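Chemist: Sharing a structure, written as structure tokens. Questions coming.
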Amino acid sequence: MEYAHYYNSPLGKILLASDGHALTGLWFEGQKYFAAKLDPDHEEKNLPVFARTAEWLALYFDGENPAFMPPLTLKGTPFQKEVWEILLEIPFGQTTTYAEIAAEIARRRGLASMSAQAVGSAVAHNPISLIIPCHRVVGSDGGLTGYAGGIEKKEWLLAMERQAPESVI
């Protein structure tokens, strides 16, 4: 059984999903791929994992880098999971590029290169926005390319992180 719960953020409603133990989804209402991995027969229920995620989100939206992570269960292909694990390594307040992620995957796999477009597709299908910080990935020229939640949200999130006090980074 899967469960869902809504969280009200400064950027609008966020849908949280869980398998009952770990967070499996976090989407801005109406975003591209909204609830794509959520079982249509889910039940709305408040669970401890949702309370923990709400604590994380409250700290984050207050401009803090939360010092903990709610439990996560990633649903995706092995390649997508590899990309999402790299996203988790991007420090609060910093960005990386699709090409840099592709180069890191190529390095880890012992390959000469990896497609930045394939990385972009995996980033776009990230089922746990914000906590797996896909908003921190930018184009090679630093441009704010694609964000399933919308470019205006990506701009807001990156600006908020840049303005956070140094002590929380």
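The values are calculated or read from the model by the stated rules, or taken from the named source; none is laboratory data. These figures come from a predicted structure and were not determined experimentally. Cβ: placed from backbone, ideal geometry, glycine included. Neighbour counts: every protein chain shown. The area values use the complete protein model at the heavy-atom level, side chains included, leaving out ligands, DNA and RNA. Shrake-Rupley method; radii C 1.70, N 1.55, O 1.52, S 1.80 Å.
Chemist: For ALA54, indicate whether it is within 28 Å of ALA164 (Cβ to Cβ), touching a helix residue (DSSP H, G or I) at 6+ places or on another chain (Cβ under 7 Å), at pLDDT 95 or above and open to solvent by 20 Å² or more (accessible area, probe 1.4 Å).
Modeler: no
Chemist: How many of the residues in the range 95-129 are in a loop (DSSP other than H, G, I, E, B) and either touching a His at 6+ places or on another chain (Cβ under 6 Å) or not hydrophobic (A, V, I, L, M, F, W, C) (or both)?
Modeler: 8
Chemist: I'm checking my understanding of the structure. Among residues of the range 146-169 that are free of Cβ contacts under 8 Å to residues at least 12 places away in the same chain and more than 17 Å from TRP27 (Cβ to Cβ), which one is surrounded by the most Cβ atoms within 10 Å (Cβ to Cβ)?
Modeler: Among those that are free of Cβ contacts under 8 Å to residues at least 12 places away in the same chain and more than 17 Å from TRP27 (Cβ to Cβ), it is GLU155.
Chemist: Does the range 75-94 contain at least one residue that is at pLDDT 95 or above, in contact with a Gly (Cβ under 9 Å, 6 or more places away or on another chain) and assigned to a helix (DSSP H, G or I)?
Modeler: yes
Chemist: What's the number of the condition GLY30 fails, among (1) at pLDDT below 95; (2) crowded, with 19+ Cβ neighbours inside 10 Å?
Modeler: (2)
Chemist: Of the residues ILE105, ILE131, which is in contact with an Asp or Glu (Cβ under 7 Å, 6 or more places away or on another chain) and either farther than 26 Å from LYS37 by Cα or crowded, with 16+ Cβ neighbours inside 10 Å (or both)?
Modeler: Numbers: ILE131 fails: in contact with an Asp or Glu (Cβ under 7 Å, 6 or more places away or on another chain).
Residue meeting the stated conditions: ILE105.
Chemist: Further question: Testing ALA116 on (1) on the phi > 0 side of the Ramachandran plot; (2) open to solvent by 10 Å² or more (accessible area, probe 1.4 Å), one condition comes back false. Which one is that?
Modeler: Going through (1) on the phi > 0 side of the Ramachandran plot; (2) open to solvent by 10 Å² or more (accessible area, probe 1.4 Å) one by one, ALA116 breaks only (1).
Chemist: Provide a single number: the residues in the range 59-81 that are among the hydrophobic types (A, V, I, L, M, F, W, C), farther than 20 Å from HIS125 by Cα and touching a Pro at 6+ places or on another chain (Cβ under 9 Å).
Modeler: Adding up the residues that qualify gives 2.
Chemist: In addition: Looking at (1) in a strand (DSSP E or B); (2) open to solvent by less than 40 Å² (accessible area, probe 1.4 Å); (3) under 27 Å from ALA159 (Cα atoms), which one does ALA35 not meet, given that it meets all the others?
Modeler: Tallying (1) in a strand (DSSP E or B); (2) open to solvent by less than 40 Å² (accessible area, probe 1.4 Å); (3) under 27 Å from ALA159 (Cα atoms), ALA35 fails exactly one: (1).
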